[in-house]
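The block underneath contains the structure these notes are about, expressed in structure tokens.
The values are calculated or read from the model by the stated rules, or taken from the named source; none is laboratory data. Values in this document were obtained by computation on a predicted structure and should not be read as measured data. Here the Cβ is made from the backbone with ideal geometry for all residues, glycine too, and neighbour counts use every protein chain on show. Side chains included, ligands, DNA and RNA excluded: accessible areas come from the protein's heavy atoms. Shrake-Rupley method; radii C 1.70, N 1.55, O 1.52, S 1.80 Å.
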Amino acid sequence: MELQNTVKEALNALYHHPDDAVRMQADRWLQDFQRTIDAWQVADNLLHDASSNQETLIFCSQTLRSKVQRDFEELPSEAFRPLRDSLNTLLKTFHKGTPKVRTQISLAVAALAVHVPADDWGDGGIINWLRDEMNSHPEFIPSFLELLRVLPEEVFNYKIAARPDRRRQFEKELASAIETALNILTACLNINELKEQVSLLLPFHIFYFRVPASALSSHPLVLAALSSLNSEILSEASVNVISELIHYTAARNSGGVSSQLPLIQVIVPQVMNLKPQLRDPSKDEEDIKAIARLFADMGDAYVELIATGSDESMLIVHALLEVASHPEFDIASMTFNFWHNLQMILTERESYTSSGNETSIEAEKTRRLQVFSSSYESLVSLVTFRVQYPQDFSDLSTEDQKDFKQTRYAVADVLIDGALVLGGEPTLKILYMKLVEAINHCGKDQHSDWRPAEAALYCIRAISDYVSDTEAEVMPQIMSLLPKLPHQPQLLQTVCLTIGAYSRWLNAASSGLSFLPSLIDILVSGMSMCEDSAAAAALAFRHICNDCKKKLCGSLDGLFQIYQTAVIGEGPFKVSAEDSLHLVEALSMVITELPSEQAKKALEAVCLPSVAPLQEMINQGPLVLGQKTARELTVHFDRLANIFRYVNHPEAVADAIQRLWPIFKAIFDVRAWDMRTMESLCRACKNAVRTSKRLMGVTIGAMLEEIQGLYGQHHQPCFLYLSSEVIKIFGSDPTCANYLKVLIESLFSHTACLLTKIQDFTSRPDIADDCFLLASRCIRYCPQLLFPSLVFPSLVDCAMVGITVQHREASNSILNFLSDIFDLANSTQGESCLSIRDSVIIPRGPTITRILVACLTGALPSSRLETVTYALLALTRAYGLKALEWAKECVSLIPSTAATELERTRFLQALSDAASGANMNNLVVPIEELSEVCRRNRTVQEIVQGALRPLDLNIVAVS
């Protein structure tokens, strides 16, 4: 009683106390209370107490549901019947009470049924028990129907701490009782006030237990739902049932469309009868939406049948076109998924393999594309108006503006589907006619209605990837129209993006070069108009320079002028620092096309706007340089990084980095403490290394010497990823072996000293992540340097300490590093190091295995299961019988209350099969099941982790 009062007081404090600290304290206490064994009795008592308020009832029903799901094993076996009877009483008590409470109690009963086998439950299992209860107490039928609704769902509710075998058995028990369940629903159908509830229940049972189509096509429940489509007012529940039935007939686990034809032949005519109502003005929008949804569901479910182009299927297509023409986007867009799936079937060769030889395949494909061409032409014409800016766009809320943009993306996808079926050029012609029509209504000043022209251009841009680069009829006319359009901000933005989208056409078409000067003028105007148009213009400039770089080599002076104005920021341009990177990339791509000597000079010029301000900061002395904000430096290094990435002249970049090294070194020396600056600077160095490769000569040595020295003082992770790039390029070069050996030993020994306990990994996961990524790269590119080094054993020890770090990337990098070690035999370079590897791994084998099994069973989140499983199987493949012995030892530590002998045996058999070379995909289920049973609730997980002790690295092996 005292504890019950405390629960009430804590709930009162949680919901009503004015002090946040008190509410948080109450919340913590209640969470801790829910984990206690006393929570069973207290929650049950308070639910039976007529004086309990709403908050208490909701909390206690959730507590009881959670206890049954997760902690049922806490109770002695004889507690089952009193618990079931108590829950049954509560179901009846709350049959007209708070729906939330009733649902929680229903879930608790369902969870109880998952735990308790039908034989122990008695009465032939829960469905028969439920039928008998409903017959005995008809006044409580709505409450029992709620329980019947949740039962099928609970088969797949992994919050219920049932073992996999018991879960499978429960599914079979329910499946064997499906006839009884459907009989219950049929009987309830005769009670008027229950019809809607029955309709909501039907899909759950049909779906989960795969009732045959032959039985469903004439079943009273199905016929009742179908007949309701003829009523004046559409029932939402009936529409839901028909929708679910449509999906069910197409579901692969129900046998697919062919086996469900009896049911399909009953459903389709009834839905088709609704078509006239799509245009009935007396119907409200909700009814139209429900009818549209049924047509869209039919399209999605039967798309493979529809794709044959039969006369019957075209009736559905015409209905879907009618839905697509509806003025409300939410209704029209219901069909978009269908048009996409139909396009894929019509255009992919795999759809026609049953047609026979290549000639027959092509003939059938051509026939189907012709059948559907007029439908897709109509679709393209129907959707274009939806991308037009609304008159009041600027007044819309941020959320509504975001929705409009999403609408445009969705329409663009539909246009692409149209282009794939019709071909890019026919689709372009349809859209060009829309553009001409729009321009005829659009004056040349900014106050005329620019919106239709912008919409047409947006659509033309959307299909750019599907228009031939040599198209000569429409594209020249479009390009000649662009300079004539008014410079309204949104229109100009779309014009710029359209220019960028057709950059390949400008390069390939015979008339492309003649358009470039006027189009670049438009881009310059775009850079000067506003931030959005400037961003679009910068991106388009990048695309044009990428695709037309050979044609633009002679215009380098003009391009430089645009680049410098934008980057220095002293002209009228409104290009942001981030968008200026597109211009950096653009000019870098053109420089790539220059002869070597010209490229060196051009590279020097393109670097100058970034180099000059950096040199000026350095000239002001270390004190001033140290006080600069990171952004003042990184804006320049980001540009240099892009230049080194996109100027594909290794020798020119190597020369540039050699000239710039004194500047880089000065900033390394003064700002090594500043993570953001170091990351940006290291990215520039990494791109220079990647482009120059072995031409970097003496500079690479100075660079690595610098970061090797600074890493010991400042531990910046970016020094590790820069080293990783160097290892990739120079790792296999024997002339660099001594130098690289010193580098990796220095970096790894410093890191191993930094990461000595799991708390270190948790506080610096970035260091751990980059360290083990570097280590994996060493295994791939220079195993002969890593394995014989003195640092390799300490690196393995470090990995063992950190495997269980909760940070996803760090944990994955460590696990992948270990997997790379175990898979060393697969590498030709690594074969010579196998004996060294074994001398380090075998003594640690039992501990590594135990830690990996601990990770499988709860030390790491279940989302990491695949990576852990791979590492464990790689270890088993590498060490065969030894690894099996290690696994047996650590699995024997898991108490039988957590995992049964059978579950452990299946797990070990999977490892044995892996050692014999079996396919990994066939071994996953027993490993996942051991993981599941050991995580099934907090208590079991704590017992297992307490037995395996993943952080106790000196555990004595079990004899």
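Annotations for the structure displayed:
- Descending principal axes extents, the range 576-705, alpha-carbon based, whole Å: 42, 36, 22
- For the range 260-300, the C-alpha radius of gyration sits at 1.24 times the compact-globule guess of 2.2 N^0.38 Å, with N the residue count.
- Summed side-chain charge close to GLN716 - residues other than GLN716 whose Cβ falls under 14 Å, Lys, Arg +1, Asp, Glu -1: -2
- Simple point charges give the picture: +1 on the Cβ of Lys and Arg, -1 on the Cβ of Asp and Glu, and for the chain a dipole about the Cα centre of about 2100 debye.
- Listed values (1) 35.5; (2) 34.2; (3) 37.4, entry calculated as Kirkwood radius over Cα pairs in Å: (2)
- Couplings 3J(HN,Hα) for the range 740-756, derived from phi with the Karplus relation 6.51 cos²θ - 1.76 cosθ + 1.60 (θ = phi - 60°), are 5, 4, 5, 4, 5, 5, 5, 5, 6, 5, 4, 5, 4, 6, 6, 10, 9 Hz, where x marks Gly and Pro.
- Distance between modelled label sites at ASN337 and MET675, nm, 7 Å Cα→Cβ extension: 4.2
- Centroid-to-centroid separation of the range 728-805 and the range 1-53 [C-alpha atoms, Å]: 51
- Relative to the Cα centre, the charge distribution of the range 739-846, modelled as +1 at Lys and Arg Cβ and -1 at Asp and Glu Cβ, gives a dipole magnitude of about 80 debye.
- Neighbour count of at most 13 Cβ within 10 Å plus DSSP loop: longest GluC sites (Glu not before Pro)-free window in the chain: 571-959
- The range 841-924 - accessible surface per residue (Å², probe 1.4 Å): 38
- Which of PRO426, ILE707, LEU189, positive extreme of dipole for the chain (C-beta unit charges): ILE707
- Extension gain from LEU953 to ARG631, taking 0.36 nm per residue of separation minus the Cα-Cα distance: 111.5 nm
- Two-site label geometry, GLU2 and CYS530: point separation in nm, points 7 Å out along Cα→Cβ: 7.0
- Look at the dipole of the chain built from charges on Cβ: of ASN157, LEU516, VAL411, the Cα furthest out on the positive end belongs to LEU516.
- Distance between the range 819-862 and the range 313-349 - C-alpha centres, whole angstrom: 53
- Within the accessible area of the chain, the carbon and sulfur atoms contribute 52%, probe 1.4 Å, all protein chains present.
- Where the range 32-74 is the region considered: accessible area per residue in Å², 1.4 Å probe: 43
- Take every pair of alpha-carbon atoms less than 8 Å apart whose residues are at least six positions apart; their mean separation over the length of the range 673-734 yields a relative contact order of 52 percent.
- Structure-based [θ]222 nm, the chain - -39500 (n - 2.57) summed over DSSP H runs of at least 4, per residue, nearest 500: -23500 deg cm²/dmol
- The candidates THR762, THR828, THR699, arranged from most to least accessible area with a 1.4 Å probe in the full protein assembly, appear as THR828, THR762, THR699.
- Phi angles across the range 631-642 convert, under the Karplus curve 6.51 cos²θ - 1.76 cosθ + 1.60 with θ = phi - 60°, into 3J(HN,Hα) values of 4, 4, 9, 5, 4, 7, 5, 5, 5, 4, 4, 5 Hz, Gly and Pro given as x.
- Per-pair calculated FRET efficiency, R0 = 56 Å: ILE758 and THR180 via Cβ, rounded to 0.05: 0.55
- For the range 262-415: rounded, prolate or oblate by the Cα gyration tensor [a/c cutoff 1.5]: oblate
- Förster radius 35 Å - calculated FRET efficiency between ALA508 and SER373, Cβ distance, rounded to 0.05: 0.85
- At R0 = 22 Å, FRET efficiency that the Cβ-Cβ distance of LYS275 and SER218 yields, to 0.05: 0.35
- For the range 469-510 and the range 60-107, distance of Cα centres in Å: 67
- When nucleic acids and ligands are ignored and a 1.4 Å probe is applied, SER52 ends up with an accessible area of around 10 Å².
- Per residue, the accessible area of the range 78-183 comes to 40 Å², computed with a 1.4 Å probe over protein heavy atoms only.
- Selection of trypsin sites (Lys or Arg not before Pro), the range 714-820, meeting DSSP coil and at most 15 other Cβ within 10 Å: LYS757
- Neighbours of ASN183 by Cβ distance under 15 Å: Lys/Arg scored +1, Asp/Glu scored -1, total -2.
- Residue-by-residue Karplus 3J(HN,Hα) for the range 338-343, coefficients 6.51, -1.76, 1.60, Hz, glycine and proline x: 4, 4, 5, 5, 5, 4
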